[in-house]
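Worksheet: the structure to be examined is printed underneath.
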Amino acid sequence: MADKTMWTGSEHYLCDRELAQAFHMSRVLGMPLLIEGEPGTGKTELPIQFAQDLGLELFVYPVGSKSTVEQFVAKFDHVKYLRDSQIEVLNAQREEKGLHTSLSTGGRSTEVLDDYVLLGPAAKAYSSANSVLLIDEIDKAPREFPNDLLYALSHRKFVLPESGRVIEVSENDMPAIVITSNREQELPTAFKGRCIYHYIAFPDPDVMREIIAKHYPDAVGETVEKAIKVFYQLRELGLERAPSTRELLNWLKYLKGKVPQEQLKSIESLEGLGALVKTQDDVKRVMRQMTIEGGLKSGPPRYYSN
Amino acid sequence: MKVDLNQVPRGIIPIRMFESFPSVCKNFGVPADVRTLLLLRRGMDRGLVHTVGDLYVLFKGILVKDPTMLGPFTQAFYHYFIGVEIKPGERLSDAIERSQAFQDWLDDYIKSDERRVQMDMDELMDRFLDEVHLTSYDIKRVLDGEEILKKDDPSMKDRATGDDDANAERLLEKAADYRFTDLEELRKRMEKVMEQQMGKHSGGSHWIGHSGISPYGHGGAALGGIRVGGSGGGRMARQVFDDPQYYPVDVDANISDDNVDASLASLKGIIEHTNDLYLDIPLTVKTGVKEGGLFLPIELEKTEDKLQVILLIDNGGYSMDYYIRPVQALFKKMKTRFQHDLETYYFHNTIYKVVYDDERRSNPVPIERILNKDPNYRVFIIGDAAMAPYELHEGSLIAWGRFTEKFKKIAWLNPVSQKHWSITWTTTLLKRLIPMYPMTPRGLEEAIQSMNKKKN
């Protein structure tokens, strides 16, 4: 029986209560959890930390623009199959000529089609009871991928290509499936309908303080406060790429190398800005709008680009 | 003390009880149907629902598939289960204060402890929201003693109420009682809801009747001095009501920073497929093996994203400036999402022989140079098409004619509201020449759809 008690985060990972509830719900109902939200809000971390905390096996499928369901479930290795079948012909010919050395097929037999099936993360997760399956950044996939995936996931059963072998999982042993998306493209409605949906709102300063405390328990309070203030000011500027949690943590990591007095000074002069702001245009803009004293000039104009 | 949330008696709850909820959701613009109820039932059978707060969380996970659905959903939930009607633009606390449910709860709450008369409205509101949104998760946290630990933390002082030091143990017990007794109570409550639903159809039901929210005695007695939800559900609900990002954007409003995501969604339909061929190795091998080792290459059509866009922007005159920024921002954003060629040119009111490749209109580019480009370019013209009639003379009309001749995928996006187009003579004329759409997410989508139908 899979562990279906509520997981509320671990020592290193602050699982926000709503996310914890949604995740619990998805596991109890046996549906995939679809997490959307800005980059750097800890979407991918959830299944990783969950698996680590409970000592479960984790299978990851990073989605790309060329992803197919075959890669995800299982695919037939045609090239190997071709090679082996040629080798068989070759070996037969050699035998005819009285040669006794034969070429190896590495223990595979062209009679056993299953030898040529390469299992993808989904098939592996389904064959290992009570595991965790992460499908990362599904919004990067070609448009038909989510629906194909849905079909594959909705049956609790895969039929492997060519060999016909069946991988089945009982409802109790279903892996916990987590799908993440940065919302770069809309996912099909039918797909979302089959998932439990959770949108990670950007953490407010209170939550941010807790997140920082989890990562850097020994950070100086004053530094953290000041950095948080600057961070949220930067986010309000309407930059092309607003800094995310990850970037704030990186910045703090950079600041940590200094003595506390230096840290405050560095924040004021926006030292190590590169950790927070990632495009040239944005850097220029920040320099224009943030004064040296570290304060924000009067509010940014509504339509202000470049 | 650890409690497994699944080790509680299962309640078989007739699905009929919420049968009108999906249709109420639809009225609020949240898609829901009978599958919603089936999932709810599955969730209930598996012990996911113990409190009204759990119900909110469960329905939210099932129904909300986009952050913009959260606002309407929360409205529907408050309407159906709590009997709180939120008028457009109203703050949640004002709506609650008006509601019968809150008044009834308040009566009970104050009655059970006279000292509470002195609490201010904000605090009472927090208590009410805490109780509405009390979930199994919160209870588990209390049982795990987290809340108690937090009380020792001086920075959390404002959340604790002071006199509960000695009561901590008792409160835990109470919360635990709450934990195990609520299911039966919940059932009764749902029956009541159902009766009410059958009685009057339009009035909505009141989840919280005269007996208050808490199944444990009257009005909040179960939670005594303990703040369970604290930073939780209630605060979230307030946020949802105050924040426009949790409501659907108006797809008929002009493209702006607020609906840029909806506009991007319309733009995504712009992606094209080319018909290049590629060698299908697996199929070639498979067929070759069948043919006894005779390998013939098998080629298939390749589909690839390819996109070329020309943007012609009327930036003459002060009036257009306001509209141009969001459009530029939109296409620039798009560039980071799709690989495409984007060329931007500027003109004033209409075109004659040249356009300009800078905003100040100092570098003229002869239109021939644009007309020599690949006819597969999609051309978007952004302008109000309003000018003095003499400006749109024959020479200009011929220039536009050459554009429509060359580029079949051409659209004019007009920021002026569609109902005013017919008033301006030049707009009427240009509209006949070039397909014109309002400069809104919906207009953009229509423009792209009709572009996609045209083949060069």
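The values are calculated or read from the model by the stated rules, or taken from the named source; none is laboratory data. All values derive from a computational prediction rather than experimental measurement. Positions of Cβ are generated from backbone atoms using ideal geometry, with glycine treated the same way; all protein chains shown enter the neighbour counts.
Against the conditions (1) out of contact with any Phe, Trp or Tyr (no Cβ under 7 Å at 6 or more places or on another chain); (2) in contact (Cβ under 8 Å) with a residue 24 or more places away in the chain, residue A:144 satisfies every one except (2). Among the conditions (1) assigned to a helix (DSSP H, G or I); (2) at the interface with chain A (Cβ under 10 Å from one of its Cβ atoms); (3) at pLDDT below 75, the only one that residue B:285 does not satisfy is (3).
Residue count for region B:53-91 under the criterion of being more than 14 Å from chain A (Cβ to nearest Cβ), within 15 Å of residue B:134 (Cα to Cα) and aliphatic (A, V, I, L, M): the result is 1. In region A:183-204, the residues that are under 23 Å from residue A:15 (Cβ atoms) and facing chain B (nearest Cβ under 9 Å) form Cβ pairs under 7 Å with partners that are buried (at least 18 other Cβ atoms within 10 Å of the Cβ) and basic (Lys, Arg), at six or more places apart or across chains, as follows: A:192/B:65; A:197/B:65.
Can residue A:156 be described as more than 26 Å from residue A:29 (Cα to Cα) and surrounded by fewer than 17 Cβ atoms within 10 Å (Cβ to Cβ)?
Details: more than 26 Å from residue A:29 (Cα to Cα): no; surrounded by fewer than 17 Cβ atoms within 10 Å (Cβ to Cβ): yes.
No, not satisfied.
Flag not set for residue A:225, criterion: touching a residue at least 40 places away in the same chain (Cβ under 8 Å) and either at the interface with chain B (Cβ under 9 Å from one of its Cβ atoms) or surrounded by fewer than 19 Cβ atoms within 10 Å (Cβ to Cβ) (or both).
Residue by residue, here is whether (1) within 14 Å of another protein chain (Cβ to nearest Cβ); (2) in contact (Cβ under 8 Å) with a residue 40 or more places away in the chain holds:
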{"residue": "A:5", "(1), (2)": "yes, no"}
{"residue": "A:12", "(1), (2)": "no, yes"}
{"residue": "A:22", "(1), (2)": "yes, yes"}
{"residue": "A:42", "(1), (2)": "no, yes"}
{"residue": "A:75", "(1), (2)": "yes, yes"}
{"residue": "A:80", "(1), (2)": "yes, no"}
{"residue": "A:83", "(1), (2)": "yes, no"}
{"residue": "A:90", "(1), (2)": "yes, no"}
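Just give me the residues in region A:195-215 being of a type in the set (Ser, Thr, Tyr) and out of contact with any Leu (no Cβ under 6 Å at 6 or more places or on another chain), in sequence order.
Taking region A:195-215 and keeping what is of a type in the set (Ser, Thr, Tyr), we get A:197, A:199.
Listed by number, the list holds a single entry, A:199.
When you look at residue B:386, is it touching a strand residue (DSSP E or B) at 6+ places or on another chain (Cβ under 7 Å) and aliphatic (A, V, I, L, M), yes or no? So residue B:386 does not fit the description; no. Looking only at region B:108-134, filter to residues that are outside any helix (DSSP H, G or I) and within 28 Å of residue B:48 (Cα to Cα); which one of those is modelled with the lowest pLDDT? Here the residue is B:134. Annotation: residue A:162 fulfils all but one of (1) under 30 Å from residue A:111 (Cβ atoms); (2) more than 13 Å from every other protein chain (Cβ to nearest Cβ); (3) surrounded by fewer than 18 Cβ atoms within 10 Å (Cβ to Cβ); the unmet one is (2). Which one is farthest from the chain's Cα centre (by Cα) among residues in region A:185-204 that are under 19 Å from residue A:154 (Cα atoms) and hydroxyl-bearing (Ser, Thr, Tyr)? That would be A:189.
Per the conditions (1) within 15 Å of residue A:117 (Cα to Cα); (2) surrounded by 14 or more Cβ atoms within 10 Å (Cβ to Cβ); (3) within 35 Å of the chain's Cα centre (by Cα), the sole criterion not satisfied by residue A:51 is (1).
Summed over region B:400-456, residues that are farther than 17 Å from residue B:347 by Cβ and not β-branched (Val, Ile, Thr) total 30. Of the residues making up region A:241-248, none is more than 25 Å from residue B:239 (Cα to Cα) and within 14 Å of chain B (Cβ to nearest Cβ). Every test in (1) assigned to a helix (DSSP H, G or I); (2) within 11 Å of chain A (Cβ to nearest Cβ); (3) hydrophobic (A, V, I, L, M, F, W, C); (4) farther than 18 Å from residue B:19 by Cα is passed by residue B:95 save one, and that test is (2).
Residues of region B:32-48 that are assigned to a loop (DSSP other than H, G, I, E, B), facing another protein chain (nearest Cβ under 10 Å) and either under 19 Å from residue B:20 (Cβ atoms) or of a type outside the set (Gly, Ala, Ser) (or both): B:33, B:46, B:48. Meeting the requirement of 2 or more residues that are at pLDDT below 80, the helices (runs of 4 or more DSSP H) wholly within region A:235-306 are A:260-268, A:280-289. Apart from one condition, residue A:154 fits all of (1) at pLDDT below 85; (2) away from every other protein chain (no Cβ under 14 Å); the exception is (2).
For (1) at pLDDT below 80; (2) assigned to a loop (DSSP other than H, G, I, E, B); (3) within 15 Å of residue B:240 (Cα to Cα), each residue gets a yes or a no:
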{"position": "B:69", "(1), (2), (3)": "no, no, yes"}
{"position": "B:75", "(1), (2), (3)": "no, no, yes"}
{"position": "B:90", "(1), (2), (3)": "yes, yes, yes"}
{"position": "B:106", "(1), (2), (3)": "no, no, no"}
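When you look at residue A:31, is it surrounded by 13 or more Cβ atoms within 10 Å (Cβ to Cβ), at the interface with chain B (Cβ under 10 Å from one of its Cβ atoms) and in contact with a Gly (Cβ under 7 Å, 6 or more places away or on another chain), yes or no? Answer is no for this residue. For the condition within 14 Å of another protein chain (Cβ to nearest Cβ), at pLDDT 65 or above and loosely packed, with under 15 Cβ neighbours inside 10 Å, residue B:234 does not qualify.
Going by what's in this entry, would residue A:129 be described as within 14 Å of chain B (Cβ to nearest Cβ) and aliphatic (A, V, I, L, M)?
On the way: within 14 Å of chain B (Cβ to nearest Cβ): no; aliphatic (A, V, I, L, M): yes.
In short, no.
Scanning region B:353-386 for residues that are surrounded by 15 or more Cβ atoms within 10 Å (Cβ to Cβ), in a loop (DSSP other than H, G, I, E, B) and among the hydroxyl-bearing types (Ser, Thr, Tyr) yields a single hit, B:377. Residue under question is residue A:115, and the condition is that it be away from every other protein chain (no Cβ under 11 Å) and either on the phi > 0 side of the Ramachandran plot or charged (D, E, K, R) (or both); does it hold? Yes: the conditions hold for residue A:115.
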